[in-house]
């Protein structure tokens, strides 16, 4: 049995919303270290991971490590009922996850059946990234939307001058944007080696719509997976890895 009371329910809702655009179910790992989830999508080309450390909770009670199989889409349906002033508690017991939304002395409790998702571990993806950028999240989201107007894949190209070229083309047309420090779009950069890689826009449009952090870390290497990480002020993080198109 585990019980968690979140400090920022809306942050939790927003992360679940974006995670559920990639995977429909996942295993919540709850312990004294917080709550985490790491899952591959069914096609095994994308992975989402999020973590909420103890600093994200008003209360965190767990008997050792507990693993809860959760249908993210059903959980999101409940979280959409969250009101601006609601507090939120999660509690597991007798094969169900109870989500309690409370304001003043009024509480609404939703019970979601837990899933048996087995004990298979999601593998850790180790990549030696050669290009790393800290970018304004809104700027990256806008660039991805621009690319999606003309194509279904996007190309990232890093340069030694630490600029980042984002381009897309198809028989519908083409678009390219070069992000730089001078434009204010790039906050920090480290390019050990220039690289170019292509990625599907199907997931990138959904993931980059996340607004929980003003900036995002973007990492890639030549024809290697793309890594995005959003870090929140309270210590929570939301990560996404996407296989390249070769």
### Residues of segment 55-77 satisfying the condition of being touching a strand residue (DSSP E or B) at 6+ places or on another chain (Cβ under 6 Å) and more than 21 Å from residue 39 (Cα to Cα)
57, 58, 59, 60, 61, 62
### Query
If you check 102, 92, which single one turns out to be at pLDDT below 95, assigned by TED's automatic domain parsing to the domain that holds residue 28 and either surrounded by 14 or more Cβ atoms within 10 Å (Cβ to Cβ) or part of a strand (DSSP E or B) (or both)?
92
#### Entry: Selection status of residue 117, at pLDDT below 95 and in contact with a strand residue (DSSP E or B) (Cβ under 6 Å, 6 or more places away or on another chain)
yes
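Among the residues of segment 220-234, write down those that are in a strand (DSSP E or B) and crowded, with 19+ Cβ neighbours inside 10 Å. Before the answer, list the steps.
In the first step, residues of segment 220-234 are kept if they are in a strand (DSSP E or B); the result is 220, 226-231.
Result: 220, 226, 227, 228, 230.
Restricting to segment 123-135, and then to whatever is surrounded by 15 or more Cβ atoms within 10 Å (Cβ to Cβ) and in contact with a strand residue (DSSP E or B) (Cβ under 6 Å, 6 or more places away or on another chain), can you tell me which residue is nearest to residue 243 (Cα to Cα)? Working first, answer last.
Residues of segment 123-135 surrounded by 15 or more Cβ atoms within 10 Å (Cβ to Cβ): 129-135.
With in contact with a strand residue (DSSP E or B) (Cβ under 6 Å, 6 or more places away or on another chain) added as a condition, the list becomes 129, 131-135.
Values: 129: 13, 131: 16, 132: 17, 133: 18, 134: 20, 135: 20 Å.
Taking the candidates together, the pick is 129.
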### Summary
Counting only residues in segment 178-195 that are buried (at least 17 other Cβ atoms within 10 Å of the Cβ) and without any contact (Cβ under 8 Å) to a residue 60 or more places away in the chain, the one farthest from residue 150 (Cα to Cα) is identified as 189
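The values are calculated or read from the model by the stated rules, or taken from the named source; none is laboratory data. Since this is a predicted model, take the numbers as computed values, not measurements. Backbone-built Cβ (ideal geometry, glycine too); neighbour counts: all protein chains shown.
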